[in-house]
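Here, each number is a calculation from the coordinates, and none is a lab measurement. Keep in mind it's a predicted model, so treat the numbers as computed, not measured. All Cβ positions, glycine included, derive from the backbone under ideal geometry; neighbour counts span all protein chains shown.
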Amino acid sequence: MTEAALLTCHDVTRVFDGLVANKDISIEIHQGEIVGLIGPNGAGKSTLFNLIAGSFPVTSGCIMFGGRDITGLPAAARCHAGIARTFQVPRSFDSMSVLENVIVGALVHYPRSRAARVKALEVLDYAGLSGRTAHPAGDLTPPERRRLEIARAIATEPRLLLLDEVLTGLTPSESREGVDLVRRIRESGITVVMVEHVMEVVMPLVDRAIVLNLGEVLAEGSPAEIVRDPAVIGAYLGTRNHAA
Amino acid sequence: MDASVSVSGAIAAFRRDRWREMALAGLLVAAAATIPLFVHDVYTMNVLILTLLYAALSQSWNILSGYCGQISLGHALYFGLGAYTTSILYVHFGVLPWFGLAIGGALAALVALALGAMCFRLAGHYFTIATIVIAEIGLTLIHNWDYAGAAMGIQWPFGPDSWASLQFARDKTPYFHFVLGLFAVTWLVTWVIEESRWGYWWRAVKDNAPAAESLGVTIFSSKMMAAAISAFFTAVGGGFYAAFLSYIDPDSVMSFRLSLLMALPAVIGGIGTLWGPVIGAAVLIPITELTRSFIGGTGAGTDLIVYGGLIMVIALARPEGLLSLLPSRSRESRT
Amino acid sequence: MGLIYALIAVGLSLIFGLMDVVNFAHGEFLMVAMYAMFGLVVVTGFDPILLTPVVAAAMFMFGAFAYVGVVRFAMRAQSNKGMVQIFATFGLAVLLQGVAQTLFSPDFRNLPGAWLTGKTLDLHGIFLPWPQLYGCLVSILAFLGLWLLMTRTDFGKALEATREDRGAVALVGIDANKVFMLGWGLGAALTGLAGAVLAVFYYIHPQVGASFALIAYVTVALGGFGSVFGALAAGIIVGLVEAATTLILPPSLKSIGIYALYLVVVLVRPSGLFGKA
């Protein structure tokens, strides 16, 4: 691995009122990867996700992106730097049409609205939502909303796309379409980091998985390695035992 | 490639719609400009002038509160600022109202930025109440500021009719054309905004601020921009009002009631839309004046009953505004 | 006076904190209460102190009715919920003013010799007017009662629950509509108490609501929406600040102190002093 990583987290720690959500997390994400961020509930996946996206600041540690220190950068600036994200519960702009939602994203790199509109139409076509462009975003079905989230994020022409549980709770055919979309996104040159719960769908998709547990990195490696790692198994089974 | 064909087709259709809208507006304005040829009754003229003024004011208000979602009920502050600035500059310093209007507008924009810096961190109702409170402070201060006439207000000096001083004693037609022009400008600004990145950003911020941020929108500066533009035009309207009446006093240009009246046409007609404030003003102002003239004179308050009842009914029955009654005009059909 | 402001404010806070509904007709509720007291006194000749509970009860009905008749529809709005409430209740306010003006004419009125009018309490040389003291008493009792209601009874808990998650409470068998209706009734009743008390020493006219309303909104926001205690604390603070301001500045500027206070507080604590926003 001679090329520099696209995203690096150095000893990233985040504390909320005494609760340590992320502790000394150090990971690297490389250009062109699809990386899965997994772990049992409460492992700190969402926290790390939000830290990378810029929703709140780190308590300590630093985050580098494309060679630049972005630790202090606010969310909007990170988008301009090339990091895009989706939200777990889709946050669509309901007073606007599907197309207009995506235009907001496209404006990042196409400030003139006419060009943004063209870009948005293309992205919607790519994401399979061409038939719904004129509909108000509030009218979409939940799977369509997820695709809108993704389309909107892609329209910002990111280098890194953070997906928050986009494959959770889908029917098998919807899952297949979702997986296909993520693959196409990677093929178009965007690096993807996905937070996920649904192991069966995610493992075949990702190149690499990072497992978090209790706020720290537990294991890293290919899906095959992770699945056989006794510590990982222990973390998941352990949680299940406590619940029972 | 089918995709690119449909894209360019969609774009072409969109451009057609946009220019059609512009053409419609142009036609309306041109038609309206001829009204003074037919109408000579002073009372009717007054109602028309007020209607256009409120349309312009409501349109300005709509920019901050409708599109950007920051509901301000203290806009009378800017109206009053414009009115007083123009009046003081003219009466005490002889500065022509044309400049007075511009200066008043600029001043209002600056004040809006300063207030915004303070208040935009506030959410929803807290923000709205802050705007009300600030306007009330302004009103109270003016009430007690002798230089600005305190409670007595400011009277413009009588003089010959002239466009330079915006004073026309006998024939109100020039006022009509001026306010028509003002309205046309605010409409045009809104039209441009609707398709500009600012417009998209504001609506995104209104709908879901964190999501907007994740798409690269800086929330704070967006709100500030909306506030400044909104305040500017409101103040210009205020300056015009002062020239129109040739007399202002604190309660007529800075009261809370006025703030509500500026917002009402937009809400009734369709908040956050291009034509909403226009329709709202066209419906509301004539009705207000008519009920007041025909029923209100007895002091029995029945005009208030009618007025209040009407507002209630519309607000409840059609929350999206009267605009939604016209299917072809809804934004969703435009792509 | 601070406690009376608090009383008015808590009625509003209850309604707002409950349902995210801002009632722009709140001032007019006050006015209605005052007129109700006036009417009752004139008709029955009883002393206002005796009639206070009657007015409160009447206002309860009024508030519940207002909810059922008007607000319920406002809350169904899909879009622009905030604006619909503001303007629907604004329309209601204007309507009520009009009705009052029609029925009672725009003249100022005041209650003819009530038992407490003009009497003062001599506390080591400080003269406290009895009507205001009565108001304080009523206010304190009302707050106590409210606190008990909110924390001890099922209804109070239902109110809180419905506020937090309207959808979920249906699953537990709570009828949101009924809860809100009662909540509005309660809010109106509290305002009714305030109105009943004020009627003893304040002039009654159709616009009287407006002057109190603004102070009420500021008080509620200052205390924080949704917090009963906040409304109480804020009310007292507002009353004190207003009194202090009149000592320093000319009387026409008396409200500035309160407004400035609101801005300062809200800058430091964007949800008011105790707000749950």
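Annotations
- Ordering of B:8-14, B:81-87, B:225-231 by packing [mean C-beta count within 10 Å, highest first]: B:81-87, B:225-231, B:8-14
- Averaged over peptide A:127-136, the number of partner chain Cβ atoms lying within 10 Å of each residue's Cβ comes to 2.
- In nm, spacing of pseudo-spin labels at C:A243 and B:R15 (7 Å Cα→C-beta vector): 7.2
- Point-to-point label distance, B:D171-A:A134, nm (Cα→Cβ direction, 7 Å offset): 4.8
- Mean separation of Cα contacts under 8 Å, 6 or more apart, over the residue count of chain B: relative contact order %: 31
- Ordering A:31-37, A:152-158 by mean Cβ neighbour count within 10 Å, with the highest value first, yields A:152-158, A:31-37.
- Counted charge near B:G153, where neighbours are those whose Cβ lies closer than 10 Å (Asp, Glu -1; Lys, Arg +1): -2
- Length gained on full extension, B:F158 to B:N144, computed as 0.36 nm times the residue gap minus the Cα-Cα distance: 2.5 nm.
- Near A:A231: Cβ cut-off under 13 Å, other residues only, Lys/Arg at +1 and Asp/Glu at -1. The net charge is -3.
- Calculated diffusion of segment A:91-157, Stokes-Einstein form, Kirkwood radius summed over Cα pairs, 20 °C and 1.002 mPa s, µm²/s: 192
- Shown here are the Rg and Dmax of the Cα trace of chain A, at 17.9, 57 Å.
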